[in-house]
Amino acid sequence: MWKFPWDNHSSVSEFILLGFSRDSQINTILFNIFLFLYLSTLVGNGLIVTLIHLDSRLHTPMYFFLSVLSILDMSYVTTTVPQMLVHLICQKKTISYVGCVAQMYIFLVLGITEGWLFSVMAYDRYVAICYPLRYKVIMTPWLCGAMAIFCGLWGISCSLVYTVFTMRLPYCGPNEINHFFCEVPAVLKLACADTSLNDQVDFILGFILLLVPLSFILASYVRIFATILKIRSAQGQLKAFSTCASHITVVTMFCGPAMFMYMNPGANASPERDKKLALFYNIISAFLNPIIYSLRNKDVKRAFLKLTGSSKASE
């Protein structure tokens, strides 16, 4: 029978997730806050996906990628938050070894896919602004689908490397993870072996999965801003820039904390700081994405007003 590479290395059958506090009153307050954020994230992103699906005017590459981003965000938070909510109000805060491996892998798949999706979205804006007359010819449905699949394949393959390199190490106790979910840096602190190789692998993968997409995004926006500056009317410049501002904002919120977390050597990591960073790119960014895109996007507002039957939708 085939075995996982970590089957013979660990004597730990389950982990304890310490979460944020041992104070029940503080945990009750945190439960209400995170429940609100989680439900709002599901409603906000779900609404965006629904609007894009129902309104034919939103059947464009930009909104296709936005719908994929919303689906990833909903899946992303669902991987970690429901369990965190249970642990905030229950005495038992354990997760099985297999459950920890599964959570780690799924979280990484979704996170890496989202990181690369941001670079694809930047390319979409680059083509739309720099080559507007050829936009529909270049950004075909086939190409959009292929780029989305490419992002997913990167997530699936690289997450496997992350997970295998982390869980191949022996874990013989203690089994308390100072985090609210099974994230790689927090789990590595419990390994009963030298993790220097893992630090090197994490840095290399972080470079490939974070800095490379960010380089693509930066290169795209250099060209975009150069093109915007050539537009003679101030109104035209503002309209072109407004289509990019939302994307720049969400990329900064997501990639900045993630890069700091996964490219920082394990010895320099602070558990409390890491938990705050994870909250930002796991929960806060997913919560704010629908707000950022809807507040700055007239097409989304128009689709929402149309869906609700408001008379303003026809204005």
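Taken together, the values in this text are just the output of simple stated rules run on the coordinates, not laboratory data. This structure is a prediction, so every number in the text was calculated from the model and none was measured. Heads up, the Cβs are rebuilt from the backbone with ideal geometry, glycines too, and the neighbour counts pull from every protein chain shown.
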(request) As a check on your grasp of the helix formula, calculate [θ] at 222 nm for the chain: sum -39500 (n - 2.57) over DSSP H runs of n ≥ 4, divide by the residue count, round to the nearest 500. (result) -23500 deg cm²/dmol
(message) Can you give me the convex hull volume of the Cα atoms of region 99-229, divided per residue and expressed in Å³?
(response) 110
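Given the Cα atoms of the chain, and with Rh set as the inverse mean 1/r over their pairs in the Kirkwood sense, what is Rg to Rh to two decimals? Don't skip to the answer; put the middle values down first.
On the way: Rg = 21.3 Å, Rh = 21.0 Å.
My calculation puts Rg/Rh at 1.01.
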(request) Report the dimensions of region 148-294 along its three principal axes from the alpha-carbon atoms, largest first, rounded to Å. (result) 66, 29, 25
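Would you please classify the overall shape of region 1-113 from the alpha carbon gyration tensor, given that a ≥ b ≥ c denote the square roots of the eigenvalues, rounded means a/c under 1.5, and beyond that prolate means a/b larger than b/c while oblate covers the rest? Each step should come with its number before you reach the end.
On the way: a/c = 4.15, a/b = 1.43, b/c = 2.90.
Oblate, because a/c is 1.5 or more while a/b does not exceed b/c.
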(message) For a quick check, take a GNM of the chain with Cα springs below 10 Å and name the residue from K298, K93, K230 with the largest mean-square fluctuation.
(response) K230
(request) Pick out which of N198, N289, N45 has the largest mean-square fluctuation in a Gaussian network model of the chain, springs linking Cα atoms closer than 10 Å. (result) N198
(request) Pull up the cross-link candidates among the aspartates and glutamates for K276, meaning alpha carbon to alpha carbon under 17 Å and not fewer than 8 places away within one chain. (result) E183
(message) About the Cα centre, and with charges only on the beta carbon of Lys, Arg (+1) and Asp, Glu (-1), how big is the dipole of region 109-191? Nearest 20 debye, please.
(response) 280
(request) Determine the distance separating the Cα centre of region 146-195 from the Cα centre of region 54-88; give it in Å without decimals. (result) 23
(request) Pop a pseudo-label 7 angstrom from the Cα along the beta-carbon direction at both A226 and I33 and give the gap in nm to one decimal. (result) 4.5
(message) Sorting check: for 26-36, 132-142, which peptide has the highest mean count of neighbouring beta carbons within 10 Å, and how do the rest follow?
(response) 26-36, 132-142
(message) I need the shape label for region 43-177. Rule: rounded when a/c is under 1.5, else prolate if a/b > b/c, else oblate, with a, b, c from the alpha carbon gyration tensor.
(response) oblate
(message) Over the chain, what is the relative contact order in percent, taking alpha-carbon pairs closer than 8 angstrom and at least six residues apart?
(response) 26
